[in-house]
Structure formats: structure tokens, C-alpha cells
Amino acid sequence: MSETIEEATQGPSEHEREKARVAGIFDRASATYDQVGVDFFATVAAELVRRTDPRPGEAVLELGSGRGASALPAAHAVGPTGHVLATDLAPGMLTALDALAADLPWLEVRAGDAECPPPGPWDVVQAGLVLFFLPDLHGTFDRVREVLRPAGRFGFTWFGDSDDSWDEVTDRLQALAPASPTTAPGVEDDEDGEDDRPGPFSSVEAMHAVLLDHGFTAPTTSTVRIRVDYADVEQWWAWIWSAGLRALLERLESRGLLDRARSDVDPELRRRAADGTLTWWTDIRCTVATRPAGS
């Protein structure tokens, strides 16, 4: 009993605080997330749903749904005889998706932690650009496998190679307000949320090996290169505020450094706008694996 009391008085663990921090960033971004005129998330989601291939009547679980870029097309794919449960930890994302799902009563929107998927069995579990934010990725793989129906599909997207010509810009911003040593790199290191940690996200081969170790079978990965063309400097800033790098801008804002940051990088942004290089590209990897039919 004493151990239980001691744990209770210590408050949330570092693991839980990190998840709450990430959820807070995306909750504050929810009003503009995928709403600034940049065609990115829909393209990523289309590849994910194409690969997971939800079918009429199937049950689909969406982890880290955001505003529903892949949950909505999955709901259209399974139809009224199916069921889609979209979960996210950011209340603003759920509110936005709930409004978009008003005409799809078989799409349920619920607060939920991607590390703790609700019981199934699910024919499909899918996660769009979220797994690299999870502190307990390996445990999540085990729990996803358990809630899948035998022969069920697990699909998720993540980042591959990306345009390193922007490193100088983001490095300048980070130099003004360095992240704390405990900050998860998946949120703030890159404007795209790319995770530079070694391990499963280091290569397709590494990811497939980890999935096999966790009891999945037949992992395959496709790659789609997406190019983003920003209309002007203001749209670039709006895009950054709407995505994972918002955390860095909030840190700059809290230290009264936003104006200095803009004066530091805006000349480079204007140069790019003038010569047609106000663009960015990234490779999106889409991995699908299955739970063995006999397990």
C-alpha cells in the first residue's frame, strides 16, 4: 500500500508529461492544422487508406486521428455497415473531426491514447504520422497486435528522406531558443515532425525487423514523395504554426523572440519566394503489416 501511495503523490511520470506536452501542442494547433492551404496531409492519408484498404462492413481503428485526414476516407470506404473509431488526445482535433463526421454516424470520435488502443477485434488499425511521437513505441506495437483481428492489417505513415535545404533556417530558429534536454525530437527537430532517433525509424529494413519481432507478418513499405509549394512567406509561417514545429515558435514567443526570429529568417524566405524555391519536399513511407491468421 505504501508504494501505491508514494506513486500517487509523485504525480504524472515523465512519460505521461511528454504525451501531455505533445497533445497540448497539437490541441493549440488544431484550429489551423491542415487548414492553411497547403496540400500535404490529404496526400499522406490517401496513400495510407489505399494501402490499408478498408472494405465495406469492416471495423477500423484510427490512432492519432487529427482532424480526420485518413479517418474520413476510411469511413467512406467501410460504409454504413462498418465502423470507424477515431481517437486523439487533442480535444481541438476531436471537436473539428466530430463536426466533419456529422453525416457519418458510423464514424465515432473519441478521446484516446495511441499507446493504448481500445479492445477490438479490429480489421484495420491505422496511424497517420503519429507513431514517432510515442514514448513507448515497442509496447504500442504489442498492444496494436493484440487488438487486431487475426489477419487484420496495421498501417502507418512515417518520414523518410526530406529536403535538407531548410536545415539552415530551422537551425537559426532553434539557436535562438534551444529545446530542453528532455524534449522529444519528433516534435521539434523538423518542420515535418521527422524523428532523428536511431531505431525503427532509421530505415525500412529496421522498421520491418521490429514489426517481425513484435509478431506481425509480411510487412511492406511504399514511399511517396510529396512536394509542398508555399504561396508566400506568410503561408510558410502559417504552415509552421499549424504543425509540429509550432512548439519551437511557442518557445520563441514565450521568450519574446518571435520578432527577432522573423527578422533573422524572413530575408531568406523572401529570397526563396523571389527565385521560386519557397518549396519543401519529403518522402512519406507507408508501412502495412498483418497479424498472422492463426494467432
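The values are calculated or read from the model by the stated rules, or taken from the named source; none is laboratory data. Here the structure is a predicted model, which means the values were calculated and not measured. Counting neighbours? That spans all protein chains shown, and the Cβs are built from the backbone with ideal geometry, glycine included. Remember, those area values only see protein heavy atoms, side chains included, never the ligands or the DNA or RNA. Shrake-Rupley method; radii C 1.70, N 1.55, O 1.52, S 1.80 Å.
Once all protein chains are placed together, Asp39 keeps about 100 Å² accessible to a 1.4 angstrom probe.
Using the 1.4 Å probe convention, the accessible area of the stretch 202-274 works out to 48 Å² per residue with neighbouring protein chains retained.
Heavy-atom accessible area with a 1.4 Å probe sorts Thr52, Thr277, largest first, into Thr277, Thr52. When only alpha carbons are used to place a centre, the stretch 138-164 and the stretch 275-294 end up 12 Å from one another.
Other residues lying with their Cβ under 10 Å from the Cβ of Leu63 contribute a combined charge of -4, Lys and Arg counting +1, Asp and Glu -1. Simple point charges give the picture: +1 on the Cβ of Lys and Arg, -1 on the Cβ of Asp and Glu, and for the stretch 124-179 a dipole about the Cα centre of about 540 debye.
Cα centroid separation, the stretch 236-267 to the stretch 52-85: 35 Å. For Gln126, what charge total do you get from the other residues with a beta carbon under 12 Å from its beta carbon, if Lys and Arg give +1 and Asp and Glu give -1? Residues near Gln126 contribute -2 overall. With protein chains left intact and a 1.4 Å probe, residues in the stretch 28-103 average 40 Å² of accessible area per residue.
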